[in-house]
1. ALA4 to TYR131: extension gain in nm, 0.36 nm per residue of separation minus the Cα-Cα distance?
2. Cut-off is 10 Å between beta-carbons; in what order do ARG96, ARG10 appear when sorted fewest neighbours first?
3. Please name whichever of THR104, SER94, GLY134 sits farthest to the positive end of the charge dipole of the range 3-140, dipole taken about the Cα centre and charges placed at Cβ: Lys and Arg +1, Asp and Glu -1.
4. Quick check: convex hull over the Cα atoms of the chain, volume per residue in Å³, rounded to an integer?
5. Give me the dipole magnitude in Debye, nearest 20, for the range 3-140 about the Cα centre, with unit charges on the beta carbon: positive for Lys and Arg, negative for Asp and Glu.
6. Between the range 1-24 and the range 74-124, how far is it from one alpha carbon centroid to the other, in angstrom?
7. What is the order of TYR31, TYR121, TYR126, fewest Cβ neighbours within 10 Å to most?
8. Just want the ordering: ILE6, ILE32, ILE122, from fewest to most Cβ atoms lying within 10 Å of their own Cβ.
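Every read-out reported here was derived from the displayed coordinates using simple, explicitly stated rules and does not represent laboratory data. In this text, all values refer to a predicted model and were calculated from it rather than measured experimentally. Glycine gets a Cβ as well: all are built from the backbone with ideal geometry, and neighbour counts include every protein chain shown.
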Amino acid sequence: MTEAEILGVRNDVTAIVVSVTGFSFTMISAYIAALWFFLKDAPFALRALSFVLLTCGLAFMGAMSAGLNGLLLATETAWSKLGKTATELPGFGSERPDFLAGFTMYEAVAFLGTSVFVLIYIALFYLTFVYDWGDGMRRIYR
């Protein structure tokens, strides 16, 4: 592959990553709105079904992200085989800056993204099945 082809693939994959991340946050935001407006008063079966659907959607987005990560790493490998490049970029994220305690940029971003989504998932589980929403009027005037 040429430098231009690698950069083109890299840009395309990065755009897909941004879309997947944005859509994941859209799903989470819609679920939060549904919790506030409908699911807090819904029977357990409906809350469980909604949470299962959210789980399936987020799992699909996670699987897509893992596949896209593989493509990004493949562009890194192809880039390293070029030798001298016109842009003189050493790589896209395989460097290990001191502030990341030995992790690469790829590893740090993957850890951060996974951590954030796990924490959000746990919070949504808590809000769906454990949290006491109280009566409507008291909730409005808190």
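1. On the way: separation 127, 0.36 × 127 = 45.72 nm, distance 5.24 nm.
Between ALA4 and TYR131, full extension yields an extra 40.5 nm.
2. Values: ARG96 13, ARG10 18.
The order, fewest Cβ neighbours first, is ARG96, ARG10.
3. GLY134
4. Values: hull volume 19.8 nm³, N = 142.
Dividing the Cα hull volume of the chain by its residue count gives 139 Å³.
5. On the way: 8 positive and 11 negative charges, 81 e Å.
Computed about the Cα centre, the dipole is about 380 debye.
6. 14 Å
7. Working: TYR31 21, TYR121 15, TYR126 10.
Fewest-to-most ranking of TYR31, TYR121, TYR126: TYR126, TYR121, TYR31.
8. Values: ILE6 20, ILE32 15, ILE122 10.
Fewest to most other Cβ atoms nearby, the residues stand as ILE122, ILE32, ILE6.
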